[in-house]
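Working notes, beginning with the structure itself.
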Amino acid sequence: MNATLTLSEEDLYNKRNRIRIAVSLFFFCQGIAFASWASRIPVIKERLHLSEGQLGTILLMLPVGQLVTMALSGKLVTKYGSAKVLRIVPIAYALVLCSIAFAQNAWQLGAILFLFGVTGNMCNISVNTQGVATEQIYKKSIMTSFHGAWSIAGFTGALVGLLTMNLGLDTLSHFLIILAFVTGNTLINQRYLVPGKSPQKEKRSFFSKPEGSLLQLGIIGFFSMATEGAMFDWSGVYFKEIVHAPEKFVVVGYASFMIMMAIGRFVGDAVIRKLGRKRTLQYSGILMFIGMMASVVFPQFIVCTLAFMLVGIGVACNVPSIYSIAGQNKNVPSGVALAMVSSISYLGFLMGPPLIGYIAEAFSLRYSYGVFACFGLLMFCMVGRLSLFKEPQSNS
């Protein structure tokens, strides 16, 4: 297994439950940090007097920060091990989150979001590498439950954002609470991470042409994560400006999406075992399309809340399945394989929100959501033509 580590397989197996809890909490911390930023986007947009086009441009700094460090993240995880990386980067991620509150204009916010993308990418690669290693200890599919912890964090972050806004706490106070939580978790749970480094395989440049299977996984991830990005960064704005929800309820769309994505991920392993990865991903694409289009055609509060729930279910199992397959690639180290797939997938996740802003500026926010709904259909068609998915084991 990729966890050819300082501890024996028997030691790792005996500690597997505590390891799983620790990895889940690191997923949770990354999720709540990102969700805290997302929950404050409408407030920050209004405070800095940003138009939709300006916000879209500023959000572009996140993918720039993400992409310029893809190769570095994969190499760091491969060289030093994901456990060592995770002792540092979650706290750095939360510190950058806090600095967002100090932005006084558009360019300052853009610069900080660039650093947010850098630290977020390092968290993403290292924590998913930990997820792959833990999954191999269990010898069954558990990756969706890790991403379920991330989704629960997203829902929790939305609730914390709603609570802090209703209590009158400013953005900095909100983010400092998150920093304290992330720091505490890192200090307590770092000792329970899977230790060691990925075994060294053939040396190759990160920028060499990726294997066909990794390229295909990345494109599927692109479609799914573009939809996620639209929901994360624009759902609050959509509910405020299109649905015309009351100020205190603009976060409902984001929260409804996140809670259904979390539920979908906690039951996702059972669904995959029953239907297989291929059919699960195809059905997911259809749900993404129906949910996004329903919110466009019927922009009412209740309908959009239910529609965003469908989108949440639709995206639930996609990324965990893609990362699980990529991390078990026999020709590329886990950290590098995940970085390769992420470099393609996150073009959707992080380039999607700025694209939403540009389309909304030229036409309308409803029109942009309609365009993104087509990604679900594209994903359905592409998955149907692929044969790289192995059916999961039947044991639970």
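The values are calculated or read from the model by the stated rules, or taken from the named source; none is laboratory data. Please read all numbers here as calculations on a predicted model, not as lab measurements. Cβ coordinates were reconstructed from backbone atoms using ideal geometry, including for glycine residues, and neighbour counts include every protein chain displayed. In case anyone asks, the SASA skips ligands and DNA or RNA and just uses the protein heavy atoms, side chains included. Shrake-Rupley method; radii C 1.70, N 1.55, O 1.52, S 1.80 Å.
When we screen A38, A33 for residues that are open to solvent by less than 30 Å² (accessible area, probe 1.4 Å), modelled with pLDDT under 90, closer than 17 Å to F102 by Cα and out of contact with any Gly (no Cβ under 6 Å at 6 or more places or on another chain), the only hit is A38.
Listed here are the residues, each with its yes/no results for (1) touching a Ser or Thr at 6+ places or on another chain (Cβ under 7 Å); (2) modelled with pLDDT of 90 or more; (3) assigned to a helix (DSSP H, G or I).
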| residue | (1), (2), (3) |
| --- | --- |
| P63 | no, no, yes |
| K84 | no, yes, yes |
| Y93 | yes, yes, yes |
| A103 | no, yes, no |
| L115 | no, yes, yes |
| T129 | yes, yes, yes |
| A133 | no, no, yes |
| I137 | no, no, yes |
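When region 28-55 is limited to residues that are outside any helix (DSSP H, G or I) and out of contact with any Leu (no Cβ under 8 Å at 6 or more places or on another chain), the one that is farthest from M351 (Cα to Cα) turns out to be H49. Kindly establish whether I290 is in contact (Cβ under 8 Å) with a residue 40 or more places away in the chain and touching a Pro at 6+ places or on another chain (Cβ under 8 Å). Considered against the rule, which asks whether it is in contact (Cβ under 8 Å) with a residue 40 or more places away in the chain and touching a Pro at 6+ places or on another chain (Cβ under 8 Å), I290 comes out as no. Looking only at residues in region 150-181 that are open to solvent by 10 Å² or more (accessible area, probe 1.4 Å), among the aliphatic types (A, V, I, L, M) and in contact (Cβ under 8 Å) with a residue 24 or more places away in the chain, the one that is farthest from V271 (Cα to Cα) is L172. Total residues in region 306-335 satisfying the condition of being open to solvent by less than 30 Å² (accessible area, probe 1.4 Å) and outside any helix (DSSP H, G or I): the figure is 5. Taken over region 220-251, the criterion of being open to solvent by 10 Å² or more (accessible area, probe 1.4 Å), modelled with pLDDT under 90 and among the aliphatic types (A, V, I, L, M) is satisfied by A245, V250, V251.
Among T129, T134, which is the only one that is within 23 Å of G348 (Cα to Cα), of a type in the set (S, T, Y) and open to solvent by less than 30 Å² (accessible area, probe 1.4 Å)? Exactly one residue qualifies, and that residue is T129. For region 275-284, a residue qualifies if it is open to solvent by 40 Å² or more (accessible area, probe 1.4 Å) and either under 18 Å from A38 (Cβ atoms) or among the basic types (K, R) (or both), and the qualifying residues are K278, R279. Of all residues in region 290-305, those satisfying the criterion of being open to solvent by less than 60 Å² (accessible area, probe 1.4 Å) and within 28 Å of I325 (Cα to Cα) are G291, M292. Of all residues in region 61-75 being of a type in the set (A, V, I, L, M, F, W, C) and open to solvent by less than 50 Å² (accessible area, probe 1.4 Å), which is farthest from I41 (Cα to Cα)? The residue in question is A71. Go through region 139-163 and report how many residues are more than 19 Å from the chain's Cα centre (by Cα), in a helix (DSSP H, G or I) and modelled with pLDDT under 90. Looking only at that region, the number is 1. Of the residues making up region 254-274, those that are small (G, A, S) and open to solvent by 50 Å² or more (accessible area, probe 1.4 Å) number 1.
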